[in-house]
Amino acid sequence: MTPWSGGWVSERATCVLAPNPGPMTLDGTNTYVLAEPGGNLAVVVDPGPDDPDHLARVAATAEAGGRTVGLVLLTHSHLDHSGGARALAERVGAPVRAADPALCRAAEPLTAGDLDAGIDRLGGLELVVVPTPGHSADSVCFVLPGDGALLTGDTVLGRGTSVIASPDGRLGDYLSSLRDLAEVVRSRGLHELLPGHGPVRTDPGAVVAAYSQHRLERLEQVRAAVAAGASTAMEVVETVYADVDRSLWAAAEQSVRAQLDYLLGREP
């Protein structure tokens, strides 16, 4: 498998890969610098961890050619995406926006639709917010219409599958979000998926469909494990995820808890 190293990914997007590889982060967190061609403003999506060297590279990429950073955006609150937001914002003098008000800095929380900061504020760059709770309660994705691209955070990854981070994440929400993303990809004719981890994908419709199918198959496996006598999330993991590396079992247990809550009607 060829390691993902980031770099230029589309006309309006460059990926600066954070140096935090691991079982859950794959090659590292993908920090995206977005800018309209010829524009004088840049937008940073998911600054990544609070790593001074990484944030310096992000700032240098964003400010190349005399641009200034007009906005920092977060797909969700997990620290491998949001940990460096405050430090980067202070460095470049930009506001921070996220679905969670606690993460915002000098700006309002994100809501569905076009970024209400306005196209002029973003240097001509158009972005559309798509709420996608499930991986976490505050997860959002961003459509980049000019490139036919979808920035997905941890809702959909470049390889492998996403964890439903129970108790914050909920399977019912996640399945609904995948249906919403499938419609967004179809209706807007999107052809590129820019994930929070792993390589860029050029088959977003197929990827989202495979994610939905995988979740439904796992759900049936969990249902069968419970029917066979598994009484705890870890007992389900030992059966359903027996062929998965044990280093990932803790994350699998989180997802199983979310699946059990869904099956047993315990989701709020």
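Key figures
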quantity	calculated
Region 37-51-region 222-268 distance, computed between alpha-carbon centres (Å)	38 Å
FRET efficiency, 1/(1 + (r/R0)^6) with R0 51 Å, evaluated for E220 and E63 via beta carbons	0.55
Extended-chain gain in nm, criterion 0.36 nm per residue less alpha-carbon gap, A206 and D245	11.5 nm
The chain, helix-only ellipticity at 222 nm - DSSP H runs n ≥ 4, -39,500 (n - 2.57), divided by all residues, nearest 500	-10500 deg cm²/dmol
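Values quoted throughout were computed directly from the atomic coordinates according to the rules given, and no laboratory measurement underlies them. Please read these numbers as outputs of a predicted model, since none were measured by experiment. Positions of Cβ are backbone-derived with ideal geometry, glycine not excepted, and every protein chain shown enters the neighbour counts.
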